[in-house]
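Q: Take this structure first; my questions come after.
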2 protein chains.
Amino acid sequence: MERRVFSLADIQQMDKDFRTQLINGLSGYKSANLVGTRSAEGLSNLAIFSSVVHLGADPALMGMIARPFSPTTRRHTVENILSTGFYTLNQVGADFFAKAHQTSARYAEEASEFAAVGLREEYLGDFPAPFVGESLLKIGLKLEEIVPLAINGTQLIIGSVQYLSLPSLALLSSGHIELEALNAVAIGGLDTYY
Amino acid sequence: MERRVFSLADIQQMDKDFRTQLINGLSGYKSANLVGTRSAEGLSNLAIFSSVVHLGADPALMGMIARPFSPTTRRHTVENILSTGFYTLNQVGADFFAKAHQTSARYAEEASEFAAVGLREEYLGDFPAPFVGESLLKIGLKLEEIVPLAINGTQLIIGSVQYLSLPSLALLSSGHIELEALNAVAIGGLDTYY
C-alpha cells in the first residue's frame, strides 16, 4: 500500500491549514460534547468540545482541553467555569449535530447561545449550569482544577461528576453505556462527523 | 423517555465495577491506540491507551493519560518513555483489535509484548521506538513533558510529533484524514469496540 511519510521538518513546513486538519485528525474518533455554562450575570453559553477525556472513576473525573486560540465562545466557557465553578457536558446526538456545530461560530455577546443555535436550555434539580435538553447523556460537573500547559498555552480543565442523566435503555446492568442507544456521533479532526 | 439520574452521593455509593464501567463510558467514542516503547535494555513493550487527546497543531502535540492503577504493561510504558524519551502511537484497526486488546493482560517481564500478542514490531527510518507493522496510522513522538495530576495521581504525557506515516489514500488534499480508510475502530468505555 502506498504511504505518505512526514518528518518533523515536513510538518513544520506544511501549509498552516493543511497541518491543522492533519494533526487534529491524528487522535482518530472522538466524541462531540456541548459544554454548557452560565456567566455570573446569568447569561448562558454553549461551546462544542471534542477533546474530552476520562481521568478516573473514583472520584469520577473528566478532563477537557481549552485552547488559547479558541473562538470567543470558548473563552466565555472558561471564564464562566471560573466564575461559577460549574459546567455541563452534553453528548451530541446525530439529530442535532448541525446545530451543535454552529456554536463554534461567533455570536453577539449579549445573547444566549442556546437561543442563537436553536437548542433547549434545561435546568435539572438544583444544578446551577444549563444542560442541553436535546442531549441524551447529560453530565453535571464541578470545577476541581485548571492545569495550565506551559508548552503551548492550552489548559486542562478538570471537573468532578456531580450529576448524571441518561436514558434507562442505554444503561446496561454491568454499568456499560450503549453509545448506539444515545444516538451519539463521533468526530474526526475538527469538523467531520460520523 | 424513561431516564436514570445519579447524584454525587449515588455515584460514590455505587458498586465499584459498575462505577468504573459507567464513568469510563461518559467520554463516549474514543480512538484506540497502541503505544510502542523500548526499554533502555532494548526490550520492546506495547500497551493499549484510549485516552489520547490532541493538544495543538503548531507545534504538533499529542497528550495521553496514564493511570496510577495501570497494569504492569502501562507502568513499563511510562518507565520506557522516561528512560528513552521516545514512543509511538499506532491506531488500532478492526483487523487486529483483538490482539491489541490482549496487551492489557499481564505478560512476563522478559518477553517482548509484540511477540506475546502476535503483532509485528517495525522500525522506521532512524526513529528509536517500535511501531506496530499492522497499524495504518503510525505516529512517532518525542517526550516533551509529563504533567502529574495531583487530584488522582494520573499523569498527562505530552509528546511532539516527529514522524508520521499513513496510507496515501487516507489523506485528502485538505489535510483531512479519512478514518474509514484507516479501518479505525472506536472504543466506548473500557472494552467495547465499534
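The values are calculated or read from the model by the stated rules, or taken from the named source; none is laboratory data. Just so we're clear, the structure is a prediction, and the values are computed from it rather than from any experiment. With ideal geometry, Cβ positions are generated from the backbone for all residues, glycine too; neighbour counts draw on all protein chains shown. When the accessible area is computed, the model is the full protein with side chains, heavy atoms only, and any ligands, DNA or RNA have been set aside. Shrake-Rupley method; radii C 1.70, N 1.55, O 1.52, S 1.80 Å.
Table: residues versus (1) under 21 Å from B:Ile65 (Cβ atoms); (2) β-branched (Val, Ile, Thr).
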residue: A:Ala116; (1), (2): no, no
residue: A:Leu136; (1), (2): no, no
residue: A:Leu164; (1), (2): yes, no
residue: A:Leu169; (1), (2): no, no
residue: A:Gly175; (1), (2): yes, no
residue: A:Ala181; (1), (2): no, no
residue: A:Ile187; (1), (2): yes, yes
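Q: Continuing with this model, one more query. Within segment A:45-65, can one find any residue that is of a type in the set (D, E, K, R) and facing chain B (nearest Cβ under 7 Å)? Walk me through it before giving the result.
A: Of all residues in segment A:45-65, those of a type in the set (D, E, K, R) come to A:58.
When the remaining residues are screened for being facing chain B (nearest Cβ under 7 Å), the result is A:58.
Within segment A:45-65, one or more residues are of a type in the set (D, E, K, R) and facing chain B (nearest Cβ under 7 Å).
Q: Condition (residue is closer than 27 Å to B:Pro59 by Cβ and under 16 Å from the mean Cα position of the chain (by Cα)) applied to segment A:6-16: is it met by at least one residue?
A: Pass one, segment A:6-16, residues closer than 27 Å to B:Pro59 by Cβ: A:6-16.
This time we only want the ones that are under 16 Å from the mean Cα position of the chain (by Cα), so: none.
The answer is no; no qualifying residue exists.
Q: Please go through segment B:160-194 and give me each residue that is in a strand (DSSP E or B) and within 20 Å of A:Gln13 (Cβ to Cβ), ordered by number.
A: Let us first name the residues in segment B:160-194 that are in a strand (DSSP E or B), namely B:160-167, B:171, B:177, B:184, B:186-188, B:192-193.
Those that are in a strand (DSSP E or B) and within 20 Å of A:Gln13 (Cβ to Cβ): B:Ser160, B:Val161, B:Gln162, B:Tyr163, B:Leu164, B:Ser165, B:Leu166, B:Leu171, B:Ile177.
Q: Any residue in segment A:94-117 that is in a strand (DSSP E or B) and free of Cβ contacts under 8 Å to residues at least 60 places away in the same chain?
A: Our first condition is that a residue be in a strand (DSSP E or B); within segment A:94-117, this holds for none.
So far as segment A:94-117 goes, no, none of its residues is in a strand (DSSP E or B) and free of Cβ contacts under 8 Å to residues at least 60 places away in the same chain.
Q: Is it true that A:Glu144 is of a type in the set (Asp, Glu), open to solvent by 60 Å² or more (accessible area, probe 1.4 Å) and closer than 30 Å to B:Gln155 by Cβ?
A: Numbers: of a type in the set (Asp, Glu): yes; open to solvent by 60 Å² or more (accessible area, probe 1.4 Å): yes; closer than 30 Å to B:Gln155 by Cβ: yes.
Considered against the rule, which asks whether it is of a type in the set (Asp, Glu), open to solvent by 60 Å² or more (accessible area, probe 1.4 Å) and closer than 30 Å to B:Gln155 by Cβ, A:Glu144 comes out as yes.
Q: Could you count how many residues in segment A:156-175 are among the small types (Gly, Ala, Ser) and within 7 Å of another protein chain (Cβ to nearest Cβ)? Before the answer, list the steps.
A: Within segment A:156-175, the first condition is being among the small types (Gly, Ala, Ser), and the residues that meet it are A:159-160, A:165, A:168, A:170, A:173-175.
Among the residues that remain, those that are also within 7 Å of another protein chain (Cβ to nearest Cβ) are: A:165, A:168, A:174-175.
Number satisfying all stated conditions: 4.
Q: Can you say whether B:Gly133 is under 24 Å from B:Leu179 (Cα atoms), free of Cβ contacts under 8 Å to residues at least 60 places away in the same chain and surrounded by 16 or more Cβ atoms within 10 Å (Cβ to Cβ), as far as the supplied structure shows? Quick ask: steps written out before the conclusion?
A: Numbers: under 24 Å from B:Leu179 (Cα atoms): yes; free of Cβ contacts under 8 Å to residues at least 60 places away in the same chain: yes; surrounded by 16 or more Cβ atoms within 10 Å (Cβ to Cβ): no.
Answer is no for this residue.
Q: Which of the residues spanning segment A:150-178 are of a type in the set (A, V, I, L, M, F, W, C), open to solvent by less than 50 Å² (accessible area, probe 1.4 Å) and free of Cβ contacts under 8 Å to residues at least 12 places away in the same chain?
A: First, pick out the residues of segment A:150-178 that are of a type in the set (A, V, I, L, M, F, W, C): A:150-151, A:156-158, A:161, A:164, A:166, A:169-172, A:177.
Imposing the further condition that a residue be open to solvent by less than 50 Å² (accessible area, probe 1.4 Å) reduces the set to A:156-158, A:161, A:164, A:166, A:170-171, A:177.
A:Leu171, the sole residue that qualifies.
Q: Restricting to segment B:119-129, name every residue that is within 11 Å of chain A (Cβ to nearest Cβ) and either at pLDDT below 95 or open to solvent by 70 Å² or more (accessible area, probe 1.4 Å) (or both). Lay out the reasoning, then the answer.
A: Our first condition is that a residue be within 11 Å of chain A (Cβ to nearest Cβ); within segment B:119-129, this holds for B:124-127.
Across segment B:119-129, the qualifying residues are B:Gly125, B:Asp126.
Q: Taking segment A:7-28 as the search range and keeping residues that are over 26 Å from A:His76 (Cα atoms) and crowded, with 22+ Cβ neighbours inside 10 Å, which one is farthest from the other protein chains (Cβ to nearest Cβ)?
A: The residue in question is A:Leu26.
Q: Please go through segment B:141-155 and give me each residue that is of a type outside the set (A, V, I, L, M, F, W, C), facing another protein chain (nearest Cβ under 8 Å) and in a loop (DSSP other than H, G, I, E, B), ordered by number. Full working, then the answer.
A: Of all residues in segment B:141-155, those of a type outside the set (A, V, I, L, M, F, W, C) come to B:142, B:144-145, B:148, B:152-155.
With the extra rule that they be facing another protein chain (nearest Cβ under 8 Å), the set shrinks to B:144-145, B:152, B:154.
Passing the criteria: only B:Asn152.
Yes/no per residue for (1) at pLDDT 95 or above; (2) out of contact with any Lys or Arg (no Cβ under 9 Å at 6 or more places or on another chain):
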| position | (1), (2) |
| --- | --- |
| A:Gly85 | yes, no |
| A:Ala94 | no, yes |
| A:Phe131 | yes, no |
| A:Glu145 | yes, yes |
| A:Thr154 | no, no |
| A:Ile177 | no, yes |
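Q: When you go through B:Glu2, B:Glu79, B:Glu41 one by one, which is the residue that is of a type outside the set (Ser, Thr, Tyr), at the interface with another protein chain (Cβ under 8 Å from one of its Cβ atoms) and surrounded by fewer than 20 Cβ atoms within 10 Å (Cβ to Cβ)? Show your work before the answer.
A: Working: B:Glu79 fails: at the interface with another protein chain (Cβ under 8 Å from one of its Cβ atoms); B:Glu41 fails: at the interface with another protein chain (Cβ under 8 Å from one of its Cβ atoms).
After ruling out the rest, the residue left standing is B:Glu2.
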